[in-house]
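The structure appears right after this line, and notes come after that.
Readers should treat all values here as calculations from the given coordinates under stated rules, not as data from a laboratory. As the structure is a prediction and not an experimental result, all values here were calculated from the model. FYI the Cβ positions are ideal-geometry reconstructions off the backbone, even for glycines, and counts take in every protein chain you see.
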Amino acid sequence: MTQTVIVLGAGMVGTCTAWHLRQRGHEVVLIDAKPPGQETSFGNAGLIQREAAEPYPFPLEAAKLWSVATGQGFDIAWRARALLRIAPRLLSYAWHSAPGRHARLAPHYGRLIQACIFEHEALIESSQAHDLVGRDGYRKIYRTQAALDRAGADALRIAERWGVDNRIEDADALARAEPALRQRLAGAIWHASTWSVRDPGALVQSYARDFERLGGTFLQARATALQPQGGHWQVQTSQGPVQAAQVVVALGPWSTDLIEPLAYRPPLFVKRGYHQHYDGPHGLRLPIFDAEKGYLLVPMRAGLRLTTGAELALRDDPPQASQLPGAERCARALLELGAPLAQPPWMGSRPCMVDMLPVMGPAPRHRGLWFNFGHGHQGFTLGPVAGRLLAELISGEPPFLDPAPYAAQRFGP
Ligand SMILES: Cc1cc2nc3c(=O)[nH]c(=O)nc-3n(C[C@H](O)[C@H](O)[C@H](O)COP(=O)(O)OP(=O)(O)OC[C@H]3O[C@@H](n4cnc5c(N)ncnc54)[C@H](O)[C@@H]3O)c2cc1C
């Protein structure tokens, strides 16, 4: 039976959820305070990461912890005040990251990632967004042979387990593949199955336009409250109340704001990140991740985008892009970077769960309320997969994969 459904949040996750619901004939209103794809789904690195079959664990090795604690690297930064507030969540994240536990939950992540290319393809085709997408992969580059050997062994293990095209390149092969690199490095892993998007926000907008073409409604309004009312859901918005039989919360890092008043407190925390564009004639052919330094360089429509690693801070703390100068220094030594294009740098928040799995499914205590958030480092990759799963569950169809590992119940009623 088709229903009226409100989807809150028009990032990659909410937009894909709305699209899949509309495909199944539901009356769908997609609500966002901004036009689609203007927040986290706008400023990311734009990789559709078919290779990311295992979620990022908390770094537990002593040397890495020491380097983070003493602020030596610039892949992970932290704010002391925030650490006190999020310590319980970080401890839980560290607990779930212990090798045995990580190995048990990683396949649930891998099964989602495995579907990402196929599911994006359906939306790219329907929205005719082919020109935004590069299909030649990206490279993780390594400065030392030891790091390349370690990561290479892992990449080959994942390639075999998950059917991914990961190839090891030595120093010569890397120099041939990316002749603009000024330094001779140990080599690279070429993740050839991964896709890269030249303008991530534009891809979300393209999917949202397709949703409207299919008959869906987009409402630009800030949602301020969510209440059950006589067998329906009422969302208070800056444009007035909106009602529907079902409501999906897909607000990325803001998802807990509207469900905490209903006594849901799923352990969401954020890893913030920054980007800056440069105008230089960089000559890069594919995106590169400078793996031992922890930043990405991605050729985009707007220029060469440098994205930083994780900043452990509160979502609403003022921006403090302390990782950017170090990353920029390394990038300048590698490439003709040119001048920064816009100031200040963009900032966004990866919505992360302590057990590294997104929350996708019904709310435990309220009929007609659904969750779709917490996709962490790969929400841009996983949007279409998450959207399909939610739409199947809401429509009462057999889901294409077992939803149990992602259920909100795992954190209690
Ligand atoms: C630096 C960086 C690099 C990244 N690189 C990648 C990558 O290469 N590949 C990848 O897969 N992932 C990447 N990610 C992660 C990815 O960007 C996120 O996981 C993903 O964008 C989350 O999507 P979302 O739809 O859940 O959230 P969002 O895109 O943040 O969408 C949430 C929406 O909710 C809206 N909203 C919030 N509150 C309200 C309200 N009260 N009323 C109405 N609307 C509201 C916001 O306006 C927003 O549009 C990266 C993240 C960062 C920070």
Checklist outcome for this item: If every Lys and Arg gets +1 and every Asp and Glu gets -1 at its Cβ, then about the Cα centre segment 33-79 yields a dipole, in debye to the nearest 20, of 180 debye
Item to check | Computed magnitude of the charge dipole of segment 85-171 (debye, nearest 20; Cβ of K, R +1, Cβ of D, E -1) | outcome: 720 debye
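Please report the net charge: other residues with Cβ closer than 12 Å to the Cβ of Gln128, K and R +1, D and E -1.
Numbers: positive: Arg209, Arg213; negative: Glu125, Asp131, Asp210.
Computed value for this residue: -1.
Quick one: if you take sqrt(5λ) for each eigenvalue of the C-alpha gyration tensor of segment 18-81, what semi-axes come out, biggest first, whole angstrom?
Numbers: eigenvalues 288, 56, 24 Å².
Working from the Cα gyration tensor, I get semi-axes of 38, 17, 11 Å.
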Item to check | Where the Cα pairs of segment 1-45 fall when distances are cut into 10 Å bins, in % | outcome: 31, 47, 18, 3
Checklist entry - Of all the Cα-Cα pairs you can form in segment 369-413, what percent are over 13 Å apart? => result 59 percent
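State the dimensionless ratio Rg/Rh of segment 321-390 (Rg: radius of gyration of Cα atoms; Rh: Kirkwood radius). Walk me through the numbers before you get to the answer.
On the way: Rg = 18.4 Å, Rh = 15.4 Å.
When Rh is taken as the Kirkwood radius, the ratio is 1.19.
Taking the square root of 5 times each eigenvalue of the Cα gyration tensor, what semi-axes in Å does the equivalent ellipsoid of segment 283-413 have, largest first?
Working: eigenvalues 275, 58, 31 Å².
Square roots of five times the eigenvalues give 37, 17, 12 Å.
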Next on the checklist: Rounded to the nearest 5, what % of DSSP beta bridges with both residues in the chain are antiparallel?
Outcome noted: 70 percent
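Any idea what % of Cα-Cα pairs in segment 43-124 are farther than 14 Å? Don't skip to the answer; put the middle values down first.
Details: 2444 of 3321 pairs.
It works out to 74 percent of all Cα pairs.
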Checklist entry - Roughly how many Å is it from the Cα centre of segment 231-264 to that of segment 26-103, as a whole number? => result 25 Å
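What is the dipole size for the chain, taken about its Cα centre, with +1 at each Lys and Arg Cβ and -1 at each Asp and Glu Cβ, in debye to the nearest 20? Walk me through the numbers on the way to the answer.
Numbers: 42 positive and 37 negative charges, 147 e Å.
That gives the chain a dipole magnitude of about 700 debye.
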Item to check | Column: log10 I(q)/I(0), Debye, Cα scatterers of segment 182-336, q = 0.09 Å⁻¹ | outcome: -0.48
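Kindly provide the helix-only [θ] at 222 nm of the chain, computed as the sum of -39,500 (n - 2.57) over DSSP H runs of four or more divided by all residues, to the nearest 500 deg cm²/dmol?
-10500 deg cm²/dmol
I'd like to know how segment 292-360 sits against the 2.2 N^0.38 Å rule of thumb: what's its Cα Rg over that expected value?
Normalised Rg, Cα atoms only: 1.29.
Relative contact order of the chain: what whole-number percent is it, with Cα pairs under 8 angstrom and at least 6 residues apart? Let's see the in-between values first.
Numbers: 897 pairs, mean separation 110.2, N = 413.
That works out to 27 percent.
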Checklist outcome for this item: Length-normalised contact order of segment 160-313, Cα under 8 Å, at least 6 apart, in percent, tallies to 17 percent
Checklist outcome for this item: Binned at 10 Å from zero, the C-alpha pair distances of segment 245-324 give percents of 15, 33, 27, 18, 6, 0
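Can you give the local net charge around Lys271? Use residues other than it whose beta-carbon is closer than 14 angstrom to its beta-carbon, Lys and Arg +1, Asp and Glu -1.
+2
Mean projection of the alpha-carbon convex hull of segment 18-166 over all orientations, in nm²? Provide the component values of the computation, followed by the final result.
Values: hull surface 50.9 nm².
One quarter of the hull surface, i.e. the mean projection, equals 12.7 nm².
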Item to check | Rh by Kirkwood over Cα pairs, then Stokes-Einstein D for segment 100-142 at 0.890 mPa s and 25 °C, µm²/s | outcome: 191 µm²/s
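Can you check what the Kirkwood hydrodynamic radius comes to for segment 174-235, Cα pairs only, in Å to one decimal?
Numbers: mean 1/r = 0.0584 Å⁻¹.
Here the Kirkwood hydrodynamic radius works out to 17.1 Å.
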Checklist entry - So what are the radius of gyration and Dmax for the Cα set of the chain, in Å? => result 20.8, 68
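Identify the trypsin sites (Lys or Arg not before Pro) of segment 42-140 meeting these criteria: DSSP loop state and at most 15 other C-beta atoms within 10 Å of the C-beta. All intermediate terms of the calculation are to be shown ahead of the outcome.
On the way: sites: Arg50, Lys64, Arg79, Arg81, Arg85, Arg89, Arg101, Arg104, Arg111, Arg135, Arg139, Lys140; in loops: Arg50, Arg79, Arg135.
The qualifying sites are Arg135.
Report the net charge of residues surrounding Asn44, where surrounding means a beta-carbon distance below 15 angstrom and charges are Lys +1, Arg +1, Asp -1, Glu -1. Don't skip to the end; give the middle numbers.
Details: positive: Arg198, Lys271, Arg272, Arg301, Arg305, Arg350; negative: Glu39, Asp199, Glu311.
Result for the local shell: +3.
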Checklist outcome for this item: With bins of 5 Å, the percent of all Cα-Cα pairs of segment 256-300 per bin from 0 is 5, 14, 17, 15, 10, 7, 10, 10, 8, 4, 1
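How much length, in nm to one decimal, is gained on full extension between Thr2 and Gln343, taken as 0.36 nm per residue of separation minus their Cα-Cα distance?
Details: separation 341, 0.36 × 341 = 122.76 nm, distance 4.66 nm.
This chain segment gains 118.1 nm when fully extended.
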Item to check | Paramagnetic reach from Ala177 (point 7 Å along Cα→Cβ, amide N under 18 Å) across segment 299-321 | outcome: 299
Checklist entry - Can you give the Rg and Dmax of segment 89-205 based on its C-alpha atoms, in angstrom? => result 17.2, 44
